[in-house]
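Worksheet: one structure, shown below.
The values are calculated or read from the model by the stated rules, or taken from the named source; none is laboratory data. The structure presented is a predicted model; accordingly, all values stated were derived computationally and were not measured. All Cβ positions, glycine included, derive from the backbone under ideal geometry; neighbour counts span all protein chains shown.
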10 protein chains.
Amino acid sequence: MLVRLTYCSRAVPAVDHEELVAIMKKSRANNLRAGITGVLCFSDGFFIQVFEGGRAAVNQLYGRIVVDGRHSDVTLLGYEEVAERRYAGWAMGQANMARLNPALLLKYSERASLDPYALSQRAVIALFDELVATAAIMCPGS
Amino acid sequence: MLVRLTYCSRAVPAVDHEELVAIMKKSRANNLRAGITGVLCFSDGFFIQVFEGGRAAVNQLYGRIVVDGRHSDVTLLGYEEVAERRYAGWAMGQANMARLNPALLLKYSERASLDPYALSQRAVIALFDELVATAAIMCPGS
Amino acid sequence: MLVRLTYCSRAVPAVDHEELVAIMKKSRANNLRAGITGVLCFSDGFFIQVFEGGRAAVNQLYGRIVVDGRHSDVTLLGYEEVAERRYAGWAMGQANMARLNPALLLKYSERASLDPYALSQRAVIALFDELVATAAIMCPGS
Amino acid sequence: MLVRLTYCSRAVPAVDHEELVAIMKKSRANNLRAGITGVLCFSDGFFIQVFEGGRAAVNQLYGRIVVDGRHSDVTLLGYEEVAERRYAGWAMGQANMARLNPALLLKYSERASLDPYALSQRAVIALFDELVATAAIMCPGS
Amino acid sequence: MLVRLTYCSRAVPAVDHEELVAIMKKSRANNLRAGITGVLCFSDGFFIQVFEGGRAAVNQLYGRIVVDGRHSDVTLLGYEEVAERRYAGWAMGQANMARLNPALLLKYSERASLDPYALSQRAVIALFDELVATAAIMCPGS
Amino acid sequence: MLVRLTYCSRAVPAVDHEELVAIMKKSRANNLRAGITGVLCFSDGFFIQVFEGGRAAVNQLYGRIVVDGRHSDVTLLGYEEVAERRYAGWAMGQANMARLNPALLLKYSERASLDPYALSQRAVIALFDELVATAAIMCPGS
Amino acid sequence: MLVRLTYCSRAVPAVDHEELVAIMKKSRANNLRAGITGVLCFSDGFFIQVFEGGRAAVNQLYGRIVVDGRHSDVTLLGYEEVAERRYAGWAMGQANMARLNPALLLKYSERASLDPYALSQRAVIALFDELVATAAIMCPGS
Amino acid sequence: MLVRLTYCSRAVPAVDHEELVAIMKKSRANNLRAGITGVLCFSDGFFIQVFEGGRAAVNQLYGRIVVDGRHSDVTLLGYEEVAERRYAGWAMGQANMARLNPALLLKYSERASLDPYALSQRAVIALFDELVATAAIMCPGS
Amino acid sequence: MLVRLTYCSRAVPAVDHEELVAIMKKSRANNLRAGITGVLCFSDGFFIQVFEGGRAAVNQLYGRIVVDGRHSDVTLLGYEEVAERRYAGWAMGQANMARLNPALLLKYSERASLDPYALSQRAVIALFDELVATAAIMCPGS
Amino acid sequence: MLVRLTYCSRAVPAVDHEELVAIMKKSRANNLRAGITGVLCFSDGFFIQVFEGGRAAVNQLYGRIVVDGRHSDVTLLGYEEVAERRYAGWAMGQANMARLNPALLLKYSERASLDPYALSQRAVIALFDELVATAAIMCPGS
């Protein structure tokens, strides 16, 4: 049984870009073993991540994120059984948030700055789809 | 929560083109701060305006218009929660009504002259969409 | 409130092409004043006409046709409120029935000759749409 | 082919109740011969009537109403082909408008008084249906 | 053209029950003249009101509420053209909020206390419908 | 924003009935403060629980369950935004699994014993709804 | 493969009631052998009949009716494959047309007399269903 | 009223190609007079034919086919009222079955040979549409 | 994963009622162990059976039936994944075909005798549902 | 009546590529005679096959596969009546699994290796469709 899970969280202040790269690198290796694929966005101190895989593997990974000290206010945005993956080709892509222009943020939010907690789930997911569609997805370190 | 509001009003006689330009200029600055986007049509002594933004900001702006002495017979044409903005890229565009041809007006109204109060909401909004689609939207002073 | 009205009638024998041209010329001027637009077909002694406009104007025009001695057996084929006109650009176009081929007539009728009374409303309107789409619409005298 | 036609009109001032009764009596006899059935409402100087029958018979009757000096501003409210009649059992019923309460009028109109011209077709027809459903339909003189 | 408008607001502290009764009494008389009907809820310092009527009358009334010093943060919750009224029988009913039990509030809100601004429009309207359905609607002073 | 979350987990062996009662008692007090409502099933060493509330409160509670040593293999079965709660009246009901008959279990599972991990989400939720509908929901300690 | 066939025809003048009874009696025996079921209406010199059965048997029976000298103008009103019969219990019922009241005929036809050829297929079939539903179906001679 | 009728039949052995050509030639002349259009397929000793026209004309033609000694096992495959013809341009086209490849036959039948009686109506009509679409339609003798 | 499988077969002549009872008795014990539930019909030398359970268990049972010398012409009538069982309460019920009346058979078949191979799958399943609904389901030997 | 059947099975270890080629060759000849068409996938010790044809022929072929010693754990994945074949052109194509990339497998399964038993029917069929669409279908030996 395949599931897709989307969450957002606040990065604790100590997380910087180097640490992020290290996290990504390690998580890609783990994900390959666990059959997890997906995309991670990191911007303005927020994480938004979607990942897909077997139900047990996805719940184990989410359990590790919930207890991971680098995330706070971990909040589910969506969770559903899926017949097929949307991100089967990415061990864990990274969305380049620097390419976001203000109009794209305004399209879904009240102000021109990213705050996933202030949006409805539907808006976050639509924004996320546009990020995936328009921002280059990188696989740094791969 | 994002909402979209459409209204029409009669301009009091004293409003001339210079004053309109001044209004637009000032409102653009205010709108940017408040996260408001949208389009304003001014023609034949009528205003038709649509604007989008956070629910509180949109209601505050509409409250100021209702009490603004330059508008009379301010009348709501539509109001709805929206998942995403349609005019996210315009601080406040201005539709060039001079480009309207008579057939476009006849398409939605009984006579070939603009009277938003004589039309159903659905017709006004369809007309407005055609204005946005076919008339050039200008951002004078920006 | 906009409405669209379609009717057919038999022309009394005395109506010839010159009279028709005169009728069309006069009606165009009237229609412009009344905000009426539409298309008229005249063929084989039958009129089929569709016109659109404000509800009062359309009913006044239809009332004049009903009492007009040049029409007999005036019969409504359709009448409905519409959100927008389909023929906003024509003061009163004239469909060129000479371009009709027999297969087009057979498509909607039992025999290869035009008799609007022998058809259902749906078939007449579909035939009429094909006339508008394929026959040239002329505006003689305009 | 069966059709249903709904119209409203203003009664010219000279029409009083006795004349109305005479009209109804005569029209019932004519309707039986022509296969016409339906219901007539007369109130506050307005007629609202719906009748059903063969297409030719219905158009002939409507043509007589249009030229009848006792009606002015005769206006179509609806016209459609129908697979079956709704009023097959009434040669021409008469709706008792005296039973209308203000809340029923307010349900469909801006003010608590009847003006069929100020309403959309949909509202008139819904009001008419409630009249038929709740007011007693009389067949005076039958 | 009929419209229905729903808004909420905060009552300024000085509004007490006696003033509310006076407001209601006066507004009922005004509403009857203007053809306005609807229901008003007042609880915990919030107003939630829905009213219906002609488009001009409804917008005039809403304009007076926006500038009324006893309301602050006046916020539209819904506005739509309607084919018929839902509250045609009430000059202005008053919902008895004291009958609300906590489970009903929890059904639509995060906490067991009323805060219309913290809810989506859909939730407010559903809550409002339950209030109308289950709480007694009173017409004090009528 | 209200959400509903359903999960299942295995109870670690040390959890006995007394501990369960203590857990339930404490969680009811916490839930009331946090605005959480729902139902808990405990049977054959499995927990199945559904709870509803504000998005932040629900995610905080789920985070505590994920790290709670008395649960293992905590697995999401469903998560969605909801317009209204289904369990607004229960601080945390407890489903009496002893009333389950084998046919009810067979209806959704391959064998006549409960194993929520062997079922699809849809089947677990349907089974859960039948539990809520047919088994008595108790509120021990309340 | 089961099919249902509906036709109408004119009875040649020589067919009287006795002959009809004889026809019905013989056809029932044949129908039982052929697995044909259905209902026959005979009124005002018209037959309307529906019968169901295997495709071959139904076509053989219809072929015999087409060449039967007692029927003229035999005309198909409907023919379709069906998953199940509607008249499985009647070897060949006979609808009692004497119970038809004028309003039922007017419901589907322009005049208060039966002429199946003047009606659309949809109207004939609706009329037929009402006959089956309201008139007593007899099985004379059975 | 227009109808479309589809049937299949077995040709009696004596029918050869010359006779078929003669049949087609004569039927085209008759069809033009009767306003009948359509397509005839003849292959492997089977006829499959579809024709359209007025209801009376179509039933008269079908009646002649049923009693025609050159057809046996005449079986209706479909019959329906239509708003417009599909074959308005062909007095009676002839489908060239020699262009059928085995895969096309297998697509709709159990074996790679044509037997219209072994197929469901839906399959025959789909096959027939592909014949019309892919095989050249000839009008020999026209 | 639950599936439902329906098949029919011909019983080899040697199967008599006693053997059938023995088969049923044994299969009930096996089914309980395998988590299989369902209903078996035996009539006129045909078996029609539906059974539900885990996908592996259902396929193993169907494999044994295919090779069982007492069945010939074993033919699948339906097979589908199901979210829940319809026959969760019967280890293997037995439909009493003696209660079938001829009209019920005629409803789905060309002749008044049972031949499941002559019917479409849809008809067999509808017939089967009526058997289950109207005939008594017995559990002999239980 | 046409049906389509999909199954998977494990190949017993002794099956090697040469034997597979021999199987395919022989089955193609048989299939042509029986009117069977379809596609066979063989990979990683699993068979996934879909075939279409007459209901009797398809069930006979499936019966032979169930008892064939080279297959174990033969499991139905789908079975349905179809109006037309999808694989009418292939006596029995062979899907080239070597062209499968890991992302395609991950799209439908938890791990990047093929195990048809671990997937839902829907996922297997979607995967199979992509194999047919993207992998070259070969007809070795034809």
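Look at B:Gly63 and say whether it is small (Gly, Ala, Ser) and closer than 21 Å to E:Gly54 by Cα.
Yes, satisfied.
Give the residue, chosen from C:Gln60, C:Gln94, that is among the polar types (S, T, N, Q) and away from chain B (no Cβ under 14 Å).
Every option except C:Gln94 fails the conditions.
Is it true that I:Gly69 is part of a strand (DSSP E or B) and either within 23 Å of F:Ala103 (Cβ to Cβ) or not polar (S, T, N, Q) (or both)?
Values: part of a strand (DSSP E or B): no; either within 23 Å of F:Ala103 (Cβ to Cβ) or not polar (S, T, N, Q) (or both): yes.
In short, no.
For the range D:101-125, enumerate the residues that are in contact with an Asp or Glu (Cβ under 9 Å, 6 or more places away or on another chain), small (Gly, Ala, Ser) and at pLDDT 80 or above.
Scanning the range D:101-125 gives D:Ser109, D:Ser113, D:Ala118.
What is the number of the single condition among (1) in contact with a Leu (Cβ under 9 Å, 6 or more places away or on another chain); (2) in a loop (DSSP other than H, G, I, E, B) that J:Asn59 does not meet?
Every condition holds for J:Asn59 apart from (2).
Residues in the range G:74-81: is at least one part of a strand (DSSP E or B), out of contact with any Ser or Thr (no Cβ under 6 Å at 6 or more places or on another chain) and at positive phi?
Taking the range G:74-81 as the starting set, the residues that turn out to be part of a strand (DSSP E or B) are G:74-81.
Filter once more, keeping what is out of contact with any Ser or Thr (no Cβ under 6 Å at 6 or more places or on another chain): G:75-76, G:79-81.
So of that shortlist, the ones also at positive phi come out as none.
Within the range G:74-81, not a single residue is part of a strand (DSSP E or B), out of contact with any Ser or Thr (no Cβ under 6 Å at 6 or more places or on another chain) and at positive phi.
Are there any pairs, at least 6 apart or on different chains, whose C-beta atoms fall under 9 Å, with the first in the range H:32-46 and more than 22 Å from H:His17 (Cα to Cα) and the second among the hydroxyl-bearing types (Ser, Thr, Tyr) and outside any strand (DSSP E or B), and if so, which?
H:Gly35/C:Ser109; H:Ile36/H:Ser27
Checking A:Gly45 against (1) within 13 Å of chain J (Cβ to nearest Cβ); (2) out of contact with any Ser or Thr (no Cβ under 8 Å at 6 or more places or on another chain); (3) of a type outside the set (A, V, I, L, M): exactly one of these is not met. Which one?
(1)
Which of the residues that make up the range B:2-18 are buried (at least 17 other Cβ atoms within 10 Å of the Cβ) and of a type in the set (D, E, K, R)?
Matches in the range B:2-18: B:Arg4, B:Arg10.
Just one of I:Ala91, I:Ala83, I:Ala95 is among the small types (Gly, Ala, Ser), closer than 21 Å to I:Arg122 by Cα and at pLDDT below 80; which is it?
Among I:Ala91, I:Ala83, I:Ala95, only I:Ala95 is among the small types (Gly, Ala, Ser), closer than 21 Å to I:Arg122 by Cα and at pLDDT below 80.
Name every residue in the range D:100-129 that is buried (at least 20 other Cβ atoms within 10 Å of the Cβ), at the interface with chain E (Cβ under 10 Å from one of its Cβ atoms) and part of a loop (DSSP other than H, G, I, E, B), in order of residue number.
D:Ser109, D:Glu110, D:Leu119
Taking the stated definitions as given, is J:Arg70 of a type in the set (Lys, Arg) and either farther than 27 Å from I:Ala57 by Cα or touching an Asp or Glu at 6+ places or on another chain (Cβ under 6 Å) (or both)?
Here the answer is no, as J:Arg70 does not meet what is asked.
For the range G:41-71, which residues satisfy the criterion of being at pLDDT below 95, of a type in the set (S, T, N, Q) and either out of contact with any Gly (no Cβ under 9 Å at 6 or more places or on another chain) or closer than 16 Å to H:Ser72 by Cα (or both)?
Across the range G:41-71, the qualifying residue is only G:Ser43.
I'd like to verify a number: residues in the range H:48-58 that are crowded, with 21+ Cβ neighbours inside 10 Å and touching a strand residue (DSSP E or B) at 6+ places or on another chain (Cβ under 6 Å), how many?
Result for the range H:48-58: 6.
Could you say which residue among C:Val39, C:Val12, C:Val58, C:Val21 is of a type in the set (Val, Ile, Thr) and within 24 Å of D:Cys8 (Cβ to Cβ)?
Numbers: C:Val39 fails: within 24 Å of D:Cys8 (Cβ to Cβ); C:Val12 fails: within 24 Å of D:Cys8 (Cβ to Cβ); C:Val21 fails: within 24 Å of D:Cys8 (Cβ to Cβ).
Checking each option against the conditions leaves just C:Val58.
For the range A:1-31, what are the residues that are without any contact (Cβ under 8 Å) to a residue 60 or more places away in the chain, touching a helix residue (DSSP H, G or I) at 6+ places or on another chain (Cβ under 9 Å) and β-branched (Val, Ile, Thr)?
Hit for the range A:1-31 is A:Val15, nothing else.
Could you give me the residue pairs with C-beta distances under 9 Å whose first residue belongs to the range G:76-92 and is free of Cβ contacts under 8 Å to residues at least 60 places away in the same chain, whose second residue is of a type in the set (D, E, K, R) and part of a strand (DSSP E or B) wherever it lies, and which are 6+ apart or on separate chains?
Pairs found: G:Tyr87/G:Arg4; G:Tyr87/G:Glu52; G:Ala88/G:Glu52.
Within the range B:30-58, track down each residue that is under 15 Å from A:Lys107 (Cβ atoms), aliphatic (A, V, I, L, M) and over 14 Å from the mean Cα position of the chain (by Cα).
Of everything in the range B:30-58, nothing turns out to be under 15 Å from A:Lys107 (Cβ atoms), aliphatic (A, V, I, L, M) and over 14 Å from the mean Cα position of the chain (by Cα).
Are there any pairs, at least 6 apart or on different chains, whose C-beta atoms fall under 7 Å, with the first in the range E:109-131 and farther than 11 Å from E:Ile48 by Cβ and touching a residue at least 24 places away in the same chain (Cβ under 8 Å) and the second crowded, with 17+ Cβ neighbours inside 10 Å and not polar (S, T, N, Q), and if so, which?
Partner pairs satisfying both residue conditions: E:Ser113/E:Leu105; E:Gln121/E:Leu77; E:Gln121/E:Gly78; E:Glu130/E:Leu104.
Residues are listed down the side, and each one gets a yes or a no for (1) among the aliphatic types (A, V, I, L, M); (2) in contact with a His (Cβ under 8 Å, 6 or more places away or on another chain); (3) at the interface with chain E (Cβ under 10 Å from one of its Cβ atoms); (4) surrounded by fewer than 20 Cβ atoms within 10 Å (Cβ to Cβ):
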| site | (1), (2), (3), (4) |
| --- | --- |
| F:Leu20 | yes, no, no, yes |
| F:Ala29 | yes, no, no, yes |
| F:Leu32 | yes, no, yes, yes |
| F:Arg64 | no, no, no, yes |
| F:Glu81 | no, no, yes, yes |
